[in-house]
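Here the structure is laid out as structure tokens; the discussion comes afterwards.
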Amino acid sequence: MDPNETRRYHIKTFGCQMNAYESGRVAALLEKHNFTPAESAESADIILLNTCSVRQKAADKIYSELGRLKKLKLTNPRLLIGVGGCLAQHESDKLLKQFSCIDLIYGTQALARLPALVRAATQGKRVLDVEPDAARTMYARLPRSVIVRGQTGAFVSIMQGCNNYCTYCIVPYVRGPEWSRTPEDVLNEARQLIDAGVREITLLGQNVNSYGKTLSPPIAFNALLHRLNKLAGLERLRFITSHPRDLSDGLIDCFAKLDKLCEHIHLPLQSGSDRILLAMNRSYTGGQYIRLIEKLRAARPDISITSDIIVGFPGETERDFESTREAIARIRFDDLFIFHYTDRAGTRACSLPDKIAYSTRVQRLKELNTLQRTISRQRNELLVGTSQAVLFETPSSRSGACLAGRTRSNKVVNCPAQHSMLGRTARVLIHKAGIHSLSGTLLHEQENL
Ligand code: SAH
Ligand code: SF4
Ligand code: F3S
């Protein structure tokens, strides 16, 4: 590859926030190596798919996207196609065998090696790198994410991998063992993002509560939050995801004490049945989970709580399902992501007996969705008539004269406002509540709420 030649890249991202974050940093790396963003996949010289394999549906989407790219490559034989991320890590052999159009496969820990891998692929070799990042320097070797003008929020990964081995989950296999970035490294990246105009930072990890355990000296996640809370210019701080097992009192206390930490927590419950929680290797009971919710609400009465639920885990009886339904009705989450269980090859749940029929899984999913839609609406209606600090992020999809922003509790608000309000925080009087969003009118602008 001629180092002076400018080439156009296009990255398509699937999966969770971790992938979105890593795509941002890969984009910055490519731009450092003379690539520019292409306007579309069709006009790109290189297309990278950043993939997810957490559920079968996610994997299916990527296989059908590759089917489309295969055709695109027929019209542009110079096009390079790279597949990275979790599915690439897990199913590289199958992908290479099934799609001759793939030039490059790079695993979840190969990001910093991409320039060399792309160079090799440009020379006509088929390249495969799913090796680990033994020195754990991957993030430190990537430039900070590209920040576009007016962007208000950014992600910062604080750790990688997972040691929890929930029996249904592929993530520990595709992301490797858990390790943490140093607080200095995290604070530096946060400072760079704030200097580039970012107002809200969301810390990412598969299980942020165990942040810092692998560092020497170790540091607790709540200590990291205390340090980030002091950063000048930062307005809002969030994190995802927490595991209920090690949600410490120190962390709960952060919600009462830290002014920048937003009053929202995503705390996956997965099931309301103790029998199923045990089979999932979640290491808490429904009762312990409810006590955590009580503590969180005592520390911060206006906290919004969201969660993940899996229905149709192998062996889930009507009674187990009923326990989940009861837990949802009792806890009254602000929002829920409900999935029906799918087998992931290599996980322990995959070899369990008593798989639940697809039709039952779908029926259970529907039932819980109906229940949650009512609860979500009712929870949102509690905000009607209140004034909320809203950070405006984008023009609203609803109407040209509206902007969309989020409350500190992470609820989307649509509000008539000038474009000049983008990236700023204002108080909004909430008039109306839907299932997934609120609407209101501007009270007055207020910086640094
Ligand atoms: N690390 C996060 C979530 C990872 S995956 C955590 O522990 O909370 C996001 C969600 O996908 C999980 O919380 C779970 O609800 C769902 N999920 C994971 N594996 C699944 C599977 N095999 N079938 C269905 N849902 C799954
Ligand atoms: Fe998967 Fe469990 Fe780890 Fe979350 S905590 S990534 S669900 S193994
Ligand atoms: Fe998917 Fe990997 Fe995230 S499997 S959910 S992209 S960690």
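Just a few scattered comments:
- Between Val148 and Arg191, the distance separating the two model label sites (each 7 Å from Cα on the Cα→Cβ line) works out to 2.9 nm.
- Looking at the chain alone, DSSP beta bridges between its own residues are antiparallel in about 35 percent of cases.
- Spin-label zone in segment 56-74 - amide nitrogen under 12 Å from a point set 7 Å from the Cα of Lys12 along the C-beta vector: 61-73
- Peptides 70-83, 122-135 ranked from most to least packed give 70-83, 122-135, packing being the mean of other C-beta atoms within 10 angstrom over each peptide's residues.
- The chymotrypsin sites (Phe, Trp or Tyr not before Pro) of segment 118-214 include none that meets both criteria, a DSSP state outside H, G, I, E and B (loop) and at most 10 other C-beta atoms within 10 angstrom of the site's C-beta.
- For the peptides 315-322, 433-440, the ranking by packing is 433-440, 315-322, with the highest mean count of neighbouring Cβ atoms within 10 Å listed first.
- Alpha carbon centroid spacing (whole Å) that separates segment 1-79 from segment 288-359: 34
- Distance in nm between pseudo-label sites at His431 and Thr182 (7 Å out along the Cβ direction from Cα): 5.3
- For segment 280-370, with all protein chains in place and a probe radius of 1.4 Å, 53% of the accessible heavy-atom surface sits on carbon or sulfur.
- Three-way shape call for segment 7-129 based on the alpha-carbon gyration tensor, with the a/c threshold at 1.5: rounded
- If R0 is taken as 30 Å, the Cβ-Cβ distance between Leu352 and Asp249 corresponds to a FRET efficiency of 0.30.
- Ignoring lysines fewer than eight residues from Lys70 along the same chain, the ones with Cα atoms less than 27 angstrom from its Cα are Lys12, Lys57, Lys61, Lys94, Lys97, Lys125.
- Theoretical FRET efficiency, 1/(1+(r/R0)^6), r = Cβ-Cβ of Thr374 and Gln123, R0 60 Å, to 0.05: 0.55
- Net lengthening on full extension, Thr360/Leu215 (0.36 nm per residue, minus Cα-Cα): 47.7 nm
- Modelled spin-label separation between Glu42 and Ala20, with each label point placed 7 Å from Cα along the Cα-to-Cβ direction: 2.7 nm.
- What you get for segment 214-291, charging only the Cβ of Lys and Arg (+1) and of Asp and Glu (-1), is a dipole of about 120 debye around the Cα centre.
- Solvent-accessible area per residue, Å², over segment 80-232 with all protein chains present [probe radius 1.4 Å]: 40
- Simple Cβ-charge dipole of segment 217-373, Lys/Arg +1 and Asp/Glu -1, about Cα centre, in debye nearest 20: 240
- Across the chain: Cys residues that no other cysteine approaches within a C-beta distance under 4.7 Å: Cys16, Cys52, Cys86, Cys101, Cys162, Cys254, Cys262, Cys350, Cys402, Cys415
- Accessible surface, per residue, of segment 246-302 when the full set of protein chains is kept, probe 1.4 Å, Å²: 40
The values are calculated or read from the model by the stated rules, or taken from the named source; none is laboratory data. Not measured: the values here are computed from a predicted model. All Cβ positions, glycine included, derive from the backbone under ideal geometry; neighbour counts span all protein chains shown. Remember, those area values only see protein heavy atoms, side chains included, never the ligands or the DNA or RNA. Shrake-Rupley method; radii C 1.70, N 1.55, O 1.52, S 1.80 Å.
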